[in-house]
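Q: If you scroll down you'll find the structure; I have some questions about it.
The values are calculated or read from the model by the stated rules, or taken from the named source; none is laboratory data. Because the structure is a prediction, the values reported are computed rather than measured. Here the Cβ positions follow ideal geometry from the backbone for every residue, glycine too, while neighbour counts run over all protein chains shown. Heads up: the accessible areas ignore ligands, DNA and RNA and are worked out on the full protein's heavy atoms, side chains in. Shrake-Rupley method; radii C 1.70, N 1.55, O 1.52, S 1.80 Å.
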Amino acid sequence: QVVEAAELARRGSAAFPHTSHCLGSGDILISCLGDPAGLGKGSFVLLDGETFEVKGNWEKGGKIPALGYDFWYQPRHNVLLSTEWGVPRILAQGFDPRDVEKGHYGRHINVWDWSSRSLLQEIDLGEGSIPLEIRFLHDPSASQGFVGCALSGEIQRFYKSQEGNWAAEKVIEVPSKKVQGWLLPDMPGLITDILISLDDRFLYFSNWIHGDVRQYDISDPRNPKLVGQVFLGGSISKGGAVTVLEDRELRDQPEPCVVQGKKIPGGPQMLQLSLDGRRLYVTTSLFSAWDRQFYPELLREGSVMLQVDVDTERGGLALNPKFLVDFGKEPGGPCLAHEMRYPGGDCTSDIWL
């Protein structure tokens, strides 16, 4: 089945669909980044789970956020939380820091009433935060989770307060690096994806620009502990165009990532974890306009998929040197592979009721 853009526009005045989750009703809920004109609009559309017919908007009127991106819902707390990337027709031209100052990029977690489908609250995460992927803990009774803020380099923990509303606090910060030979003098990590293991013990996220994937023990969600880190490409590898002048975390620039003789293009981006938590899969393409700007080699060579072995006892990450899926060798030419899904459900698409 194919859902045409014209049908999204006609039935939901929506465009640029992003995240999909199945509902207990059998319907499919999809978040959108904007309207058919390419302006920002944080709305949702419902599809029939069997026919894929567009049934219309999920929200029931009232205020709609100016921007949209990812979401996660939790019926036991009567809530849906959504995030904000940017205005589609702006971000489609590539990243310009001045667009952040102009308000074209997001800074909120939007809190929706699950039953009435109305916007309740906007949690401001700060100017220039750009909150992307959002994850509740998998425990269906949990009233907390994490969101990755791409530009500010923060992981924010969101939670339900004693008063019954929702709030957020910074629990991890990836400091920018002072560099030479790059777009800006300060290089952010650019947190583009996060996920939580099914047992809610570990949080993983990728820094697409710096080039590392991190593993944190979140047994105490308010105090995550870094227990694993591996570099899989990125912009600060030795021998590249960028010189790191000041780094609050590393003593030396990391070695280039090479697998089976191939230097890995791009940086770690989308993540998916096996159900047993032992194999972390990583792809390297973000969005073609941004790939072209930050990693032009991706368009020439295509992206790759890598596998990282996970120590689930003490924590720890190690690149599997025997695993490489090279999308540069597709019959139709190089491809920019992005999202990964397990056919039977996975850590980032399954929500338990």
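Q: Out of Ile90, Ile123, I need the residue that is within 18 Å of Trp72 (Cβ to Cβ), among the hydrophobic types (A, V, I, L, M, F, W, C) and touching a Phe, Trp or Tyr at 6+ places or on another chain (Cβ under 9 Å). Which one? Break it down into steps so the answer makes sense when it comes.
A: Values: Ile90 fails: within 18 Å of Trp72 (Cβ to Cβ).
Of the residues listed, the single one that is within 18 Å of Trp72 (Cβ to Cβ), among the hydrophobic types (A, V, I, L, M, F, W, C) and touching a Phe, Trp or Tyr at 6+ places or on another chain (Cβ under 9 Å) is Ile123.
Q: Further question: Can you list the strands (runs of 3 or more DSSP E) found entirely within the range 122-183 that contain at least 2 residues being in contact (Cβ under 8 Å) with a residue 40 or more places away in the chain, closer than 23 Å to Leu271 by Cα and not aliphatic (A, V, I, L, M)? Can you show your working first?
A: Details: elements: 131-136, 144-149, 154-160, 166-173, 177-180.
Qualifying strands (runs of 3 or more DSSP E): 131-136, 144-149, 154-160.
Q: Sticking with this structure for a sec: Return the residues of the range 91-111 that are out of contact with any Pro (no Cβ under 9 Å at 6 or more places or on another chain) and outside any loop (DSSP other than H, G, I, E, B); say none if nothing qualifies. I'd like the intermediate steps shown before the answer.
A: Narrowing the range 91-111 to residues out of contact with any Pro (no Cβ under 9 Å at 6 or more places or on another chain): 91-105, 111.
Within the range 91-111, Leu91, Pro97, Arg98, Asp99, Val100, Glu101, Tyr105, Val111 qualify.
Q: Are there any pairs with C-beta distances below 6 angstrom linking a residue in the range 301-315 that is free of Cβ contacts under 8 Å to residues at least 60 places away in the same chain and within 28 Å of Lys225 (Cβ to Cβ) to a residue that is among the small types (Gly, Ala, Ser) and open to solvent by 10 Å² or more (accessible area, probe 1.4 Å), with the two at least 6 apart or on different chains, and if so which?
A: Asp309/Ala318
Q: Which residues, taken from the range 315-340, are at pLDDT below 95 and surrounded by fewer than 11 Cβ atoms within 10 Å (Cβ to Cβ)?
A: Pro331, Gly332, Gly333
Q: Being of a type in the set (A, V, I, L, M, F, W, C), touching a residue at least 24 places away in the same chain (Cβ under 8 Å) and either assigned to a helix (DSSP H, G or I) or closer than 21 Å to Leu324 by Cα (or both) is the requirement here; does Val282 meet it?
A: Working: of a type in the set (A, V, I, L, M, F, W, C): yes; touching a residue at least 24 places away in the same chain (Cβ under 8 Å): yes; either assigned to a helix (DSSP H, G or I) or closer than 21 Å to Leu324 by Cα (or both): yes.
Yes; evaluated as a whole, the condition is true for this residue.
Q: If you check Asp217, Asp193, Asp186, which single one turns out to be farther than 27 Å from Arg98 by Cα and either open to solvent by 30 Å² or more (accessible area, probe 1.4 Å) or acidic (Asp, Glu) (or both)? Break it down stepwise before answering.
A: Values: Asp193 fails: farther than 27 Å from Arg98 by Cα; Asp186 fails: farther than 27 Å from Arg98 by Cα.
Exactly one of Asp217, Asp193, Asp186 is farther than 27 Å from Arg98 by Cα and either open to solvent by 30 Å² or more (accessible area, probe 1.4 Å) or acidic (Asp, Glu) (or both), namely Asp217.
Q: From Phe16, Phe44, Phe52, grab the single residue that is touching a Cys at 6+ places or on another chain (Cβ under 8 Å), in contact (Cβ under 8 Å) with a residue 24 or more places away in the chain and either over 14 Å from Gly106 (Cβ atoms) or surrounded by fewer than 22 Cβ atoms within 10 Å (Cβ to Cβ) (or both). Spell out the reasoning first.
A: Details: Phe16 fails: either over 14 Å from Gly106 (Cβ atoms) or surrounded by fewer than 22 Cβ atoms within 10 Å (Cβ to Cβ) (or both); Phe52 fails: touching a Cys at 6+ places or on another chain (Cβ under 8 Å).
Testing whether each residue is touching a Cys at 6+ places or on another chain (Cβ under 8 Å), in contact (Cβ under 8 Å) with a residue 24 or more places away in the chain and either over 14 Å from Gly106 (Cβ atoms) or surrounded by fewer than 22 Cβ atoms within 10 Å (Cβ to Cβ) (or both) leaves just Phe44.
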